[in-house]
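See below for the structure under consideration.
The values are calculated or read from the model by the stated rules, or taken from the named source; none is laboratory data. This structure is a prediction, so every number in the text was calculated from the model and none was measured. Using ideal geometry, Cβ is built from the backbone for each residue, glycine included, and neighbour counts are taken over all protein chains shown.
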């Protein structure tokens, strides 16, 4: 494998790894090359990104390498996060919103147990879009945050209260999750959820 191809593969791996990042050892095992060669590739990638004035950078955080955005551009990322022209919510966010709507108040850990995957990013998205909010703290070890839907959630769907939600079988198993999510959003006027009406 030539060096440019190795760098390209590592860039893709870091993109897929997201916030968790990858250590040199992990990358070396995946690409089946020596750790020293991977370290050289990462160093050269960092230099390439800086020289080319790319919008992302390679960062080492707590022993793992990640692709991150540039701090200098933070003001633009904030505008994007709060832009009313953003597209519809992801499937992960829709699933999370359905779970919160039917199971509130609920903690992040409980949401993740139902979905079977991490949900921190989906929760952050929903909080930023004012569809869910912190409603208190659970009486458990660590006092985890409890989440519930907001008035904006009710306003968007034209619901007088939460009792007006469709009547699905409660999430008895994660196998029903996709069906329950679809039922919720199809019955609520069949509208595609965007934040145009939320802001």
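Select from the range 143-182 the residues that are assigned to a helix (DSSP H, G or I), surrounded by 10 or more Cβ atoms within 10 Å (Cβ to Cβ) and at pLDDT below 85 and list them in ascending order. Let's see the steps before the verdict.
Of the residues in the range 143-182, the ones assigned to a helix (DSSP H, G or I) are 151-157, 162-164, 174-182.
When the remaining residues are screened for being surrounded by 10 or more Cβ atoms within 10 Å (Cβ to Cβ), the result is 152-157, 162, 164, 174, 176-182.
155, 156, 157, 164, 174, 176, 177, 178, 179, 180, 181, 182, listed by residue number.
Matching residues to (1) outside any loop (DSSP other than H, G, I, E, B); (2) more than 30 Å from residue 46 (Cα to Cα):
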position: 65; (1), (2): yes, no
position: 72; (1), (2): yes, no
position: 77; (1), (2): yes, no
position: 98; (1), (2): yes, yes
position: 136; (1), (2): yes, yes
position: 141; (1), (2): no, yes
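Residues that are more than 16 Å from residue 152 (Cα to Cα), in contact (Cβ under 8 Å) with a residue 24 or more places away in the chain and surrounded by fewer than 16 Cβ atoms within 10 Å (Cβ to Cβ) within the range 106-142 comprise 109, 116, 117, 121, 136, 138, 140, listed in sequence order. Among the residues of the range 88-105, those identified as surrounded by fewer than 21 Cβ atoms within 10 Å (Cβ to Cβ) and touching a strand residue (DSSP E or B) at 6+ places or on another chain (Cβ under 9 Å) are 104, 105.
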